[in-house]
Amino acid sequence: MKSLFQRFWPQLIIVALWLIFSSPYFLKGLVPFPSDYLVTFFPPWSAEYGMPVKNNAMPDVITQIFPWKKLTIETWKSGAIPLWNPYSFSGTPHAGNYQSAVFSPINLLFFVLPFIDAWSILILLQPLLAGLLMYLFVRSLDRSKEASLLASTAFMFCGFMVVWMAYGTLGYAALFLPLIFWGINKRSGLAISLGIALSLLSGHFQVSVYVVIASLAYILWRRKWPLMLFLVIGILIAAPQILLGFKSFLLSTRGETIVKGEIIPWQYLLTFIAPDFFGNPVTRNDWFGHYAEWAGFIGVIPLMLALFSIRKKLAEGWFFVILAAVTLLFALPTPLNNLLYALKIPVLSGSAASRIIILTSFSLATIAGYGVDALKDKKNSFLFSLASISFVAVIWIVLLFGKPLPVDTLAIARHNFILPSVLVVLASAAFVLRKKFVIYILIALAAADVLRFAIKWMPFEERQYVYPEIKSLTYLSTHVGNDRVFGNIGSGEVGVKFGIPLVEGYDAVYQSRYGEFMSVVSKGHVYPPERSVVQFDKYGVYKTEALQLLGIRYIYHRWSDGRNVWAFPYWEYVDAGVMHSSYRDEQYIVYEYNGAYPRAFLASSYVVATDDREIIDTLFAPEFNRRDTLILEQKPLLEPEPGPASAKIVSYAPTKVSIETTSQTAKLLFLSDTYDAGWEATVDGKKSPVYRADYDFRAVAVPAGDHKVVFRYHPKEFRWGIILSVIGLGGLVVLLKHK
């Protein structure tokens with residue numbers, strides 16, 4: 001047992017640190033989810049709850065990530081592949097939304113644990129895996145156990161890993177980087193390919209691209225050219241996700257415009273030593289910057305050790321110095337950043353530039369490991385210690401005697417600079433002492449520093465408040481069926497969590513054509529849509545026409561909103577006799593709109609138009625009969641004719657919709673779900689073309705008689721992705737067998 005401890009004591013310390021961090025879940029049953037924030041700030045829960053909130057800087061976990069994960073797992077469990085989300089944007093690709101992480105192996109947790117516990121373990125595993133993999137990698141650089149341990153603690157609880165941990169996507173995309181680098185050092189093609197694939201399947205393409213680029217650079221630096229083949233194989237394995245994501249990107253507003261953003265200001269570099277120098281959202285005293293996007297903290301002592309090691313002989317460690325410097329320059333307002341934006345490279349030029357800081361943090365943590373071993377050098381480090389203390393002293397002089405900031409912000413900066421200053425002084429003294437035990441003290445202080453940072457940020461809250469039951473939501477989820485709902489249901493993608501069909505949505509890669517359609521509803525003409533959000537304009541020019549065509553049958557209204565300007569003007573429809581209440585409780589009332597068209601109906605005529613302006617002008621013309629005439633962009637196979645007809649949706653699943661039709665003449669079946677080239681249709685088992693109708697919806701020609709029309713979502717990008725993935729896996733097996 002003693003020899004076992006002597007061999008694995010660093011890994012045990014990593015696990016111990018992780019257990020301390022995760023103890024609220026294991027000991028108290030609290031979950032790593034901002035549930036207090038949910039019920040306090042997001043309707044409909046905010047009407048019934050109210051409590052202190054720890055961290056309000058992670059709304060997307062509530063409005064996107066958790067609902068998407070719920071849809072992903074429920075679809076997998078139903079036996080289908082989660083390729084389509086029918087609940088947002090009147091239907092939108094789901095796997096193509098990269099952050100849904102549909103193909104991530106970590107989803108297997110949800111098949112063996114209750115959902116909220118699987119979610120909790122998914123979130124909490126990130127720092128543990130990051131720490132253990134980082135230790136494995138740094139040891140492969142011939143660093144000592146002590147050096148590897150310090151580097152691991154710095155990486156597993158670095159700013160990037162901590163502030164994005166609750167999302168369960170960016171952290172996973174980054175944490176396989178040390179595994180890949182270990183594979184490069186050890187010439188393990190399996191580690192390289194699996195690391196690349198797992199990163200690409202984890203749910204954040206931008207971070208994964210950084211990982212791939214850094215891995216390629218390291219292979220070139222180490223001159224291990226044959227290993228590039230395993231990097232390519234890793235990309236091939238993840239091809240289904242990549243191709244689906246690329247398709248969605250091209251069809252989204254992100255594929256049409258590149259916006260420069262989230263560049264770290266020079267003064268924010270102070271947070272590398274004092275993360276809360278400009279305040280912290282948790283304590284509600286942040287007064288400058290974007291805390292989550294700009295977090296480059298790895299710990300005071302690891303940063304000092306990294307800087308200290310640069311003046312020593314680093315050998316292959318110079319790669320990490322260069323990587324840290326270059327990536328940091330890309331994140332700052334520098335010519336390199338300007339060049340990247342000017343090149344207009346998809347993903348890299350138009351995304352949050354600051355997120356490349358994960359490579360800076362990884363590199364600095366690695367260099368810090370070199371710094372630990374450099375402390376064993378007998379050469380005096382007095383000058384470095386003096387320089388470190390002098391730097392801190394200068395900052396204090398400015399804070400105490402300068403007048404650069406208002407008094408209240410100065411007080412925040414002073415308070416939050418005390419602990420970092422103490423750590424700098426202690427570390428500087430340790431650098432001079434050079435006693436063996438000092439290294440262990442430094443490791444302990446470094447671990448305590450980053451652990452304190454992580455615990456302060458991460459919310460662990462009551463599981464009973466994770467989307468608690470609300471009577472009005474229960475009514476909607478059980479009564480609306482396939483009809484759509486409009487109302488403030490938690491904002492963003494929360495409707496997905498409850499299976500409530502909505503016309504709005506929040507997703508960076510939603511289909512821009514649908515956004516254009518909704519802009520017409522709002523303004524009366526095509527207008528550049530928002531980059532990530534589609535909202536239904538309550539007072540839009542064509543709001544009534546949209547209510548009808550999109551099948552919005554239910555209006556979800558909070559009593560206290562009354563007839564205020566921010567409320568949907570339901571009274572116009574109630575007074576006209578076309579809307580009545582179908583549900584009410586103490587907080588909410590649900591109105592039912594009689595004028596909504598069925599989600600699927602049969603039309604008797606069509607017009608052909610290929611110009612977008614012509615389509616819009618015709619569709620919303622006062623004399624145009626949208627209920628019986630469709631606008632197609634090509635001539636259908638059958639000529640529809642007038643006559644009695646009916647259509648009924650008999651089953652509706654995310655990737656399969658079955659509709660039974662009855663008619664005495666040929667008709668056009670209209671389905672008010674967004675058009676996507678990946679949708680295929682059969683009529684009585686025979687393939688039939690799916691036409692884009694009424695600007696962005698679906699139609700199929702059906703002959704006279706009784707028929708069954710089935711829509712299936714099976715995009716060619718997914719089929720090609722599967723083929724490439726099989727080729728990649730096969731190639732990996734062959735290469736490993738002949739190694």
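Annotations
Residue-wise test of (1) among the aliphatic types (A, V, I, L, M); (2) farther than 22 Å from R692 by Cβ; (3) assigned by TED's automatic domain parsing to the domain that holds I649.
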position: R484; (1), (2), (3): no, no, no
position: L502; (1), (2), (3): yes, no, no
position: V526; (1), (2), (3): yes, no, no
position: I555; (1), (2), (3): yes, yes, no
position: S560; (1), (2), (3): no, yes, no
position: A567; (1), (2), (3): yes, yes, no
position: W571; (1), (2), (3): no, yes, no
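- Of the residues making up the stretch 456-472, those that are assigned to a helix (DSSP H, G or I) and in contact with a helix residue (DSSP H, G or I) (Cβ under 7 Å, 6 or more places away or on another chain) are K456, W457, R463, Y465.
- Only residues that are crowded, with 20+ Cβ neighbours inside 10 Å and touching a Gly at 6+ places or on another chain (Cβ under 6 Å) were counted in the stretch 39-62, giving 1.
- Selected residue [among the acidic types (D, E) and either in a loop (DSSP other than H, G, I, E, B) or at pLDDT 85 or above (or both)] from D377, D408: D377
- Residue in the stretch 350-372 that is in the same structural domain as S144 (by TED's automatic domain parsing), more than 21 Å from A292 (Cα to Cα), not in a helix (DSSP H, G or I) and not aliphatic (A, V, I, L, M) present: no
Rundown of residues vs (1) within 30 Å of F246 (Cα to Cα); (2) touching a helix residue (DSSP H, G or I) at 6+ places or on another chain (Cβ under 9 Å); (3) part of a helix (DSSP H, G or I), yes/no style:
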residue	(1), (2), (3)
R513	yes, yes, yes
E516	yes, yes, yes
V521	yes, yes, yes
V526	yes, yes, no
F536	yes, yes, no
I555	no, yes, no
R563	no, yes, no
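- Comparison of V347, V372, V394, V326 shows that the only residue that is of a type outside the set (F, W, Y) and surrounded by fewer than 13 Cβ atoms within 10 Å (Cβ to Cβ) is V394.
- Hits in the stretch 117-143 - residues which are touching a Lys or Arg at 6+ places or on another chain (Cβ under 8 Å) and either more than 16 Å from K69 (Cα to Cα) or not hydrophobic (A, V, I, L, M, F, W, C) (or both): R139, S140
- Of residues in the stretch 23-37 being in a helix (DSSP H, G or I) and not aliphatic (A, V, I, L, M), the one farthest from P114 (Cα to Cα): Y37
- One residue stands out among those in the stretch 480-498 that are in a loop (DSSP other than H, G, I, E, B), over 21 Å from Y570 (Cβ atoms) and within 20 Å of the chain's Cα centre (by Cα): the one that is modelled with the lowest pLDDT, which is G492.
- In the stretch 40-59, the residues that are not assigned by TED's automatic domain parsing to the domain that holds G492 reach residues that are aromatic (F, W, Y) and assigned to a loop (DSSP other than H, G, I, E, B) with C-beta atoms within less than 9 angstrom, at least six apart or across chains, in these pairs: T40/Y49; W45/Y467; K54/F460; A57/Y291; M58/W164; P59/F42.
- Contact map, the stretch 550-571: residues that are farther than 14 Å from G487 by Cβ paired with residues that are part of a loop (DSSP other than H, G, I, E, B) and charged (D, E, K, R), Cβ distance under 8 Å, separation 6+ or inter-chain. Pairs shown: G551/D483; G551/R599; W571/R563.
The values are calculated or read from the model by the stated rules, or taken from the named source; none is laboratory data. In this text, all values refer to a predicted model and were calculated from it rather than measured experimentally. For neighbour counting, all protein chains shown are included, and Cβ atoms are generated from backbone atoms with ideal geometry for every residue, glycine included.
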